[in-house]
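Below is one structure; the comments refer to it alone.
The values are calculated or read from the model by the stated rules, or taken from the named source; none is laboratory data. Please read all numbers here as calculations on a predicted model, not as lab measurements. We place every Cβ from the backbone using ideal geometry, glycine too, and count neighbours over all the protein chains shown. These area figures cover heavy atoms from the full protein model, side chains too; ligands, DNA and RNA do not enter into them. Shrake-Rupley method; radii C 1.70, N 1.55, O 1.52, S 1.80 Å.
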There are 2 protein chains.
Amino acid sequence: MSVTLAQSGEFGLLERIQRLLEEESRGAFKPTVGIGDDTAAFAPRAGFELLLTCDCMVEGRHFSFAHMTPMEIGRRAMVMNISDIGAMGGAPLCAVVSLGLRAGTSVADVEAIYRGFLAELNPLGVGIVGGNLAGSGDGLFINVTMLGEVEKDLLVKRSGARLGDVILVTGYPGQAAAGLQIMLTAYQGGKSGRDSLVRAYTRPGHRAREGRAVAQSRCATSMIDISDGLWGDLGHICRASGTGAVLEQERLPISTALREAAVRWGSDPHELVLRESDDYELLITCAPEDAVRLCSAINACSRVPVNAIGNITDPEKDIMLRLPDGSCYSPNTTGWNHFTR
Amino acid sequence: MSVTLAQSGEFGLLERIQRLLEEESRGAFKPTVGIGDDTAAFAPRAGFELLLTCDCMVEGRHFSFAHMTPMEIGRRAMVMNISDIGAMGGAPLCAVVSLGLRAGTSVADVEAIYRGFLAELNPLGVGIVGGNLAGSGDGLFINVTMLGEVEKDLLVKRSGARLGDVILVTGYPGQAAAGLQIMLTAYQGGKSGRDSLVRAYTRPGHRAREGRAVAQSRCATSMIDISDGLWGDLGHICRASGTGAVLEQERLPISTALREAAVRWGSDPHELVLRESDDYELLITCAPEDAVRLCSAINACSRVPVNAIGNITDPEKDIMLRLPDGSCYSPNTTGWNHFTR
């Protein structure tokens with residue numbers, strides 16, 4: 001039988017985690033002080049902005065052990081944060097992890113979650129430099145805070161979109177939400193037989209490399225990762241930039257799997273693309289004359305498709321979806337809301 | 001009736017928090033990018049090490065609304081982190097906050113928690129630059145990640161203690177644990193009639209200013225904040241430094257309130273000073289010839305008492321408590337363990 005936290009104790013678990021990190025971490029980032037002091041310490045590089053973000057996953061809200069392996073849960077917690085760093089044009093440096101654990105959580109599961117962290121961090125040379133363990137009530141939670149860096153003149157905010165800019169998106173948004181829906185209905189209690197939509201939720205990728213290439217191209221006027229859904233995050237860009245936007249319905253990228261799911265569900269596939277969904281794709285704006293160069297920069301480092309799906313407009317025009325017949329409307333899609341669902 | 005999160009929704013709450021921070025924050029620290037983008041961004045100073053720490057408070061484990069006001073809960077979450085930065089000799093710069101909230105949590109309580117954050121941050125000029133909101137199950141949790149900075153040559157780690165060093169401690173350790181014990185028995189359900197021990201738990205101070213003065217004196221060989229209790233954290237210093245230690249029982253600082261509580265409980269007051277307790281006092285080691293200068297540095301900025309309580313010894317000697325009759329023993333006190341209690 002596997003050892004639980006109540007049996008191993010906090011310091012026993014801490015030692016196991018520390019040993020696991022020492023043996024399995026391939027972090028190229030070397031802090032001055034790592035795990036095991038009051039704080040971690042490192043010397044930042046001159047000429048760079050530091051990027052700071054945190055994201056949290058709560059058992060029963062964002063994941064369950066019935067639907068995801070501990071390793072997948074760990075990977076997902078890191079991907080969310082890596083994605084945010086990439087959406088600023090930066091590269092991740094290091095992370096601290098805060099875990100809330102039930103007394104009955106097995107130590108083996110915690111170790112597998114850490115191996116999930118490393119599966120995402122090791123290819124980037126990023127290290128875990130500290131953290132915190134706490135007892136939680138009925139649900140486990142994982143909070144990751146990540147630091148990244150970006151050259152001062154390459155930082156890409158969400159507030160720079162300008163009238164006439166082209167709106168680009170990577171990949172196939174909407175798949176994660178569709179996968180979650182499938183998982184919570186068809187696949188209850190099992191982890192096998194997963195299709196590509198389920199994998200979009202349980203094993204999401206990030207576009208940090210692509211975001212870095214976008215920043216280095218110096219073509220983007222704004223960029224955001226669409227963790228709140230395409231429509232919701234386009235709203236964030238428009239509000240921050242003081243603009244409106246129009247998306248062309250027929251240009252929205254729809255994966256074959258999502259199109260098939262829409263048929264099964266009797267849903268409009270375009271609405272599935274736009275709605276709230278935890279996809280870690282990038283939404284980017286740039287001047288029309290820079291679009292080709294920006295796409296080339298992404299294509300040079302990645303096979304992810306990039307699609308031009310609309311344009312930035314006057315703020316008075318709000319955010320609209322234009323149908324093939326030329327008519328415009330505002331679909332009923334709101335960003336992810338953690339409390340009212 | 002006060003508005004709950006289920007009624008205000010995530011984005012409604014986010015807007016209220018953002019407005020509260022804009023109006024009430026006195027952060028002198030100005031990030032390049034603050035709340036409202038994928039990440040916060042700021043330019044670190046050349047010649048400084050960045051310090052990174054996180055700490056988490058879980059409802060029902062570290063606090064309850066029956067015993068602490070929302071503002072006290074917020075203050076405490078910040079004090080824990082400020083203390084860690086101070087124990088490295090640094091000054092805090094900025095924080096990100098991750099909250100796990102029940103759907104029934106009142107928005108007014110969340111705002112009061114934020115006012116608690118600011119009550120600790122504003123005097124230090126520290127700003128909240130980002131965060132995350134998530135739904136939680138049955139208990140609220142607050143995770144704070146704090147960044148600080150310290151001049152490269154002033155960083156004080158826990159690993160530098162040397163044979164013969166004097167061991168110093170600020171304030172009166174053990175009071176927070178005693179206060180918690182009183183609160184969980186005598187004061188159940190009420191927030192009035194608090195004595196100084198209860199306040200040591202519900203309204204702890206930090207020693208960041210004192211820690212900074214210690215670092216600037218360049219006298220300390222090691223320093224740690226005693227959030228795991230005096231005995232437990234002395235163990236951390238000894239393990240990191242490869243030393244033993246002996247504490248003189250008669251030199252342990254015992255507050256009048258703790259001495260009285262010990263009489264009421266029939267406990268040994270020295271054990272109460274040494275045991276696991278969330279006090280944010282500093283434990284410091286230095287060469288004997290530097291002790292006066294180090295104490296003077298603290299006295300110049302603070303009225304907190306500093307006591308020399310023992311010496312660093314050979315690692316073979318382990319950690320011992322010496323009684324007035326000269327005999328030594330190792331008391332049965334272990335550090336805070338979040339899972340086995």
Exception for residue A:199 within (1) open to solvent by less than 30 Å² (accessible area, probe 1.4 Å); (2) within 15 Å of the chain's Cα centre (by Cα) falls at (1)
Out of all the residues in the range B:79-94, is one or more within 22 Å of the chain's Cα centre (by Cα), within 27 Å of residue A:61 (Cβ to Cβ) and outside any strand (DSSP E or B)? yes
How many residues are of a type outside the set (A, V, I, L, M, F, W, C) and under 23 Å from the mean Cα position of the chain (by Cα) if we restrict to the range B:301-331? 5
The listed residue being within 14 Å of chain B (Cβ to nearest Cβ) and of a type in the set (D, E, K, R), out of A:271, A:281, A:260, A:248: A:281
Among the candidates B:110, B:150, B:144, residue that is outside any strand (DSSP E or B), within 14 Å of chain A (Cβ to nearest Cβ) and modelled with pLDDT of 95 or more: B:110
Among the residues of the range A:217-262, count how many are open to solvent by 10 Å² or more (accessible area, probe 1.4 Å), modelled with pLDDT of 95 or more and touching a Gly at 6+ places or on another chain (Cβ under 6 Å). 3
Which one is surrounded by the most Cβ atoms within 10 Å (Cβ to Cβ) among residues in the range A:267-292 that are modelled with pLDDT of 95 or more and part of a loop (DSSP other than H, G, I, E, B)? A:281
Any pair with Cβ under 6 angstrom, 6 or more apart, that starts in the range A:79-99 at a residue that is within 7 Å of chain B (Cβ to nearest Cβ) and ends at one that is polar (S, T, N, Q) and part of a strand (DSSP E or B): A:84/A:53; A:96/A:145; A:98/A:132; A:98/A:143; A:98/B:143
If I filter the range B:7-25 for residues that are aliphatic (A, V, I, L, M), within 11 Å of another protein chain (Cβ to nearest Cβ) and open to solvent by 50 Å² or more (accessible area, probe 1.4 Å), do I get at least one hit? yes
Could you grab me the full set of residues in the range B:293-333 that are farther than 19 Å from residue B:242 by Cα, in contact with a Ser or Thr (Cβ under 9 Å, 6 or more places away or on another chain) and surrounded by fewer than 18 Cβ atoms within 10 Å (Cβ to Cβ)? B:293, B:296, B:302, B:304, B:305, B:307
Selection status of residue A:42, over 18 Å from residue A:130 (Cα atoms) and of a type in the set (Phe, Trp, Tyr): no
The range B:219-246 residues that are at positive phi, paired with ones that are modelled with pLDDT under 95 and charged (D, E, K, R) (beta carbon under 6 Å, 6 or more apart): B:229/B:275; B:229/B:276
Selection from the range B:153-179 of residues that are of a type outside the set (A, V, I, L, M, F, W, C), open to solvent by 10 Å² or more (accessible area, probe 1.4 Å) and more than 13 Å from chain A (Cβ to nearest Cβ): B:162, B:164, B:172, B:175
Scope the range A:113-128; condition small (Gly, Ala, Ser) and within 12 Å of chain B (Cβ to nearest Cβ); matching residues: A:127
Can you find a residue that is small (Gly, Ala, Ser) and over 16 Å from the mean Cα position of the chain (by Cα) anywhere in the range A:273-289? yes
Residue satisfying all of: in the range A:210-246; basic (Lys, Arg) and part of a helix (DSSP H, G or I); farthest from residue A:79 (Cα to Cα) among these: A:239
If you take the residues of the range A:48-78 that are in contact (Cβ under 8 Å) with a residue 60 or more places away in the chain, more than 9 Å from chain B (Cβ to nearest Cβ) and part of a loop (DSSP other than H, G, I, E, B), which of them is farthest from residue A:214 (Cα to Cα)? A:66
Do we find a residue being more than 28 Å from residue A:217 (Cα to Cα), modelled with pLDDT of 95 or more and not aromatic (Phe, Trp, Tyr) anywhere in the range A:45-52? no
